[in-house]
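Some notes on the structure that comes next.
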Amino acid sequence: MESLIDKIVSYLTSGIKLDVITIDSEIKKEENPEENPKLPAKIQSAINKLKTLYGVNITQKHIDKELEQEGSWKEDAGGVNQEAQTNIKKLIKDCNNKFGNLGGIKSGYRSYNDQVDNFGRKVKNDGRTIDNVQASNTIPGFSEHHTGKAFDIFSTEESWWEARPEVKKWVADNASKYGFRVTYKTPGTLRVAEPWHLYYTK
């Protein structure tokens, strides 16, 4: 018959084992975000590609930052939204007519795989940290560009916009007339301000 001491030892031992298993599971979760049940398989696959193609190891910390900033992951639409593209061209045309030839669309639709290359090159080729790149680029799966409704216009350089405050103000004041919003008007919990990034809300 099992003694009281044996029962206590058995209980304590099982508790320790449980704690070790739990801690080990949390460590693996941190090191392997591709196993995160919150993310769809296609996004998990894209995150894996960042590591295999560029040596960029995205952790749960980076994913949590994206969720805090963006609210959720974004569906890959498979291409540009034609209505959004028509309206961004109207906005650009009217802005150019008012201020001169400023340029056009710098970036539009991006697939998950496009974002793998976009993010990976900036870390690997430019020698930047993940946190530094993440301040102005999402990890794959979280960009509004995936939806086909987001566009970067004129320039993605902050200095360009600071040198043209009248253009920056016009875009911010008039974007809604064309069905858009400036997503990052001010710095967020993760992203810097991006006066060039417009998202079609209709």
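A few notes on this one:
- The gain in end-to-end length when the N57 to K177 segment is fully stretched comes to 39.1 nm, 0.36 nm per residue minus the alpha carbon separation.
- Shape summary of the stretch 79-184, radius of gyration then Dmax from alpha carbon positions: 14.7, 40 Å.
- Charge tally in the Cβ shell below 13 Å around P165, where Lys, Arg are +1 and Asp, Glu are -1, P165 excluded: -1
- Among residues other than E144 with Cβ under 9 Å from its Cβ, the summed charge is +1 (Lys and Arg +1, Asp and Glu -1).
- Span from the the stretch 148-193 Cα centroid across to the the stretch 64-91 one, whole angstrom: 14
- Three-way shape label, the stretch 134-202, alpha-carbon gyration tensor, a/c 1.5: oblate
- Inter-label distance, K42 to K90: 2.9 nm, where each label sits 7 Å from its Cα along the C-beta direction.
- Taken one residue at a time, the phi angles of the stretch 93-108 give Karplus couplings (6.51, -1.76, 1.60, θ = phi - 60°) of 4, 5, 5, 5, 5, 7, 10, x, 6, 8, x, x, 6, 8, 7, x Hz. Gly and Pro are set to x.
- Listed cross-link partners K65/K89; K90/K122; K149/K169; K93/K169; K124/K149 are compared with a 23 Å cut-off, the Cα-Cα value being larger for K65/K89; K90/K122; K124/K149.
- Full extension of the segment from Q69 to T186, taken as 0.36 nm per residue of separation minus the current Cα-Cα distance, would add 40.9 nm.
- The stretch 73-179: relative contact order as a whole-number percent, Cα under 8 Å and 6+ apart: 43
Bear in mind that the values in this text are calculations on the coordinates, not laboratory data. Computed from a predicted model, the values in this text were never measured in an experiment. Virtual Cβ from ideal backbone geometry, glycine too; neighbours counted across all protein chains shown.
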